[in-house]
Amino acid sequence: MRHYRQLTQEERYQITALKGLGYTQRQIAREIGRSPSTISRELRRNQGIDGYQAETAQQVADRRRREARKRHKRIPELIAWVEARLRDDWSPEQIAGSLRKAGYPLVSHEWIYRHIERDQKAGGDLYKHLRQRRKRYRKRYGSQERRGRIIDRVGIDERPAIVEERSRIGDWEGDTIRGKGQSALVTLVERKSRQVVIQKVARATAEQTAAAIIDRLGAFPLCQDTCHPTVVGF
């Protein structure tokens, strides 16, 4: 298996000179003994405002490596925090939306789900803390469970495709964190900005949950062109 080898500063000077002479990316790759994809990636990632310059490209690449090392060193700490929140019965969506505020590197909720799957295959029990798993056992003999359901709710499988793109403000995901008693926390995560809002309710009923959502979202000004309020996930 071939491993990617970082470009040296000397090679970056060669790229600058050859590019200045009008060489194509493929010709540059042939001259310095690199693949065309390596040259394409280098020009795409490390080019500055004034075009490609070896000194600027080297600084950008060095800074990216430093940030990558910092991120890699924090992975064990990040995993420990994520697993602790899972054991507190937070959903992967809630955890992903809270990472920035907690000061950790950002990962997606899909990454957290994959981590849970790896843990389960290794004999772990993180999957037992997923509320979706517990909900499946509430059905009785094929009858549809109706208690605690929000009327006219929009399920995740019914939301518009544009919501998946995270290209607009106003698409919220909702969830609840149940306490030891009857109280619960209603949490809302805005998909584009990842902003999180939380409201405590005395009981996790559909009526109190809906009231909490209306109360919390009522604090945000409505906008005609950029906001498309949608709450999914309950």
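Quick one: is ARG26 in contact with a Pro (Cβ under 8 Å, 6 or more places away or on another chain) and assigned to a helix (DSSP H, G or I)?
Yes: the conditions hold for ARG26.
All told, VAL60 falls short of being crowded, with 17+ Cβ neighbours inside 10 Å and of a type outside the set (D, E, K, R).
From the set of residues in the range 182-234 that are basic (Lys, Arg) and out of contact with any Leu (no Cβ under 9 Å at 6 or more places or on another chain), which is modelled with the highest pLDDT?
Filtering the range 182-234 for residues that are basic (Lys, Arg) and out of contact with any Leu (no Cβ under 9 Å at 6 or more places or on another chain), the one modelled with the highest pLDDT comes out as ARG203.
Within the range 125-132, is there a residue that is among the charged types (D, E, K, R), modelled with pLDDT of 75 or more, part of a helix (DSSP H, G or I) and surrounded by 11 or more Cβ atoms within 10 Å (Cβ to Cβ)? Yes - at least one qualifying residue is present in the range 125-132. The residues of the range 77-129 that are in contact with a strand residue (DSSP E or B) (Cβ under 9 Å, 6 or more places away or on another chain) and hydroxyl-bearing (Ser, Thr, Tyr), listed by number, are SER91, SER98. Residue check: ILE28 meets all listed conditions (1) under 33 Å from the mean Cα position of the chain (by Cα); (2) crowded, with 17+ Cβ neighbours inside 10 Å but one, namely (1).
The values are calculated or read from the model by the stated rules, or taken from the named source; none is laboratory data. Computed from a predicted structure; not experimentally measured. Please note: Cβ atoms are built from the backbone with ideal geometry, for glycine as well, and neighbour counts cover all protein chains shown.
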